[in-house]
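Okay, so here's the structure we're looking at.
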Amino acid sequence: MKIKDIALDGVVRQNPVFKLVLGTCPTLAVTVSLANALGMGAAVIFVLVCANVLISLLRNVIPDKVRIPAFIMIIATFVTIVILVFEKFLPDLYDSLGIFLPLIVVNCLILGRAESFASQNKVGYAALDGLFMGVGFMLGLMVMALVREVLGLGQFFGIELWTGFSIGMLTTSAGGFLVFGLLIAAFVAASNAIANKMKRKQKALAVQKVAEEQQKQSTPQKSEEVVAETEVK
């Protein structure tokens with residue numbers, strides 16, 4: 001397993017927001033502002049990395065019959081740490097995120113990575129998977145929030161960019177679903193275009209390789225024919 005593959009899977013090929021469509025509830029709820037999206041993304045990265053590492057360390061100790069409750073307890077522990085830190089040092093962000101901070105415990109992304117990856121791989125790989133999946137999730141939130149805050153409120157990280165023009169509907173639930181759907185469509189279209197381009201490139205390289213091998217095989221035969229003709233003369 002290569003680090004590059006883990007990174008590409010987390011950020012692009014299996015992007016949690018636009019490809020796997022996990023964590024939809026916080027994606028729609030907190031992306032009205034970039035500050036909220038950044039805070040939620042950072043919290044998820046912390047919980048993902050720490051939970052993946054601990055679950056990977058205990059993967060041979062936790063019995064199969066209780067692995068899901070054990071995973072949830074581990075995730076809940078790190079979520080509690082995040083809540084306490086936010087409440088103490090970032091009270092405004094804590095109040096803004098509200099119920100969605102404790103709901104990280106039941107985020108399908110975190111439990112899914114614990115079950116499908118961390119519990120089956122070594123600690124280093126599990127940590128990297130948590131990091132890049134978390135980064136992919138945060139980037140997805142940031143893109144959503146960028147569209148909704150800039151176009152919906154005319155602001156950027158709370159700083160007013162202009163007045164007199166804003167699409168207020170984008171800050172509503174319906175607007176969130178609209179932006180989410182359009183971004184998913186754009187992401188899938190771009191991913192498919194890149195994948196098709198890579199396939200065509202690989203096919204062209206394979207054809208070129210076959211042609212080179214055939215040319216190499218035919219070269220000795222031509223040389224032998226030339227030698228034979230020379231001997232006859």
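The values are calculated or read from the model by the stated rules, or taken from the named source; none is laboratory data. Values in this document were obtained by computation on a predicted structure and should not be read as measured data. Ideal geometry is used to build each Cβ from the backbone, glycine not excepted, and the neighbour counts take in all protein chains shown. Note: accessible area is taken over every heavy atom of the protein model, side chains too, but ligands, DNA and RNA are not part of it. Shrake-Rupley method; radii C 1.70, N 1.55, O 1.52, S 1.80 Å.
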query = When ligands, DNA and RNA are left out and all protein chains stay put, how many square angstrom of accessible area per residue does the chain have with a 1.4 Å probe?
reply = 58 Å²
remark   = Neighbours of Asn121 by Cβ distance under 11 Å: Lys/Arg at +1, Asp/Glu at -1, summed charge +2
request  = Determine the share of the chain's accessible area contributed by carbon and sulfur atoms, expressed in whole percent, with a 1.4 angstrom probe.
outcome  = 67 percent
message = Restricting to lysines 8 or more places apart or on different chains, can you count the pairs in the chain with Cα atoms under 19 Å from each other?
response = 9
ask   = Which one of Met133, Leu109, Leu58 has its Cα pushed farthest toward the positive end of the charge dipole of region 1-160, where Lys and Arg give +1 and Asp and Glu give -1 at the Cβ?
value = Leu58
remark   = For Cα extents along the principal axes in Å, with candidates (1) 46, 44, 32; (2) 56, 34, 28; (3) 97, 58, 27, the value calculated from the shown model is option (3)
query = What is the packing order of peptides 44-56, 163-175, taking the mean over residues of other C-beta atoms within 10 Å and listing the highest first?
reply = 44-56, 163-175
message = I'd like the accessible area for Met138, computed on protein heavy atoms only with a 1.4 Å probe and all protein chains in place. Round to 10 Å², please.
response = 40 Å²
note = Heavy-atom accessible area of Val210, protein chains in place, probe 1.4 angstrom, given in Å² to nearest 10, is 70 Å²
remark   = For Phe156, other-chain or 5+-apart residues with amide H closer than 5 Å (H placed, Pro excluded) are Leu161
remark   = TM-like helix rule applied to the chain (DSSP H, alpha carbon span at least 18 Å on the long axis, mean Kyte-Doolittle at least 1.0) gives 34-57, 67-89, 123-153
ask   = In whole percent, what relative contact order does region 64-156 give with Cα contacts below 8 Å and a gap of six or more residues?
value = 22 percent
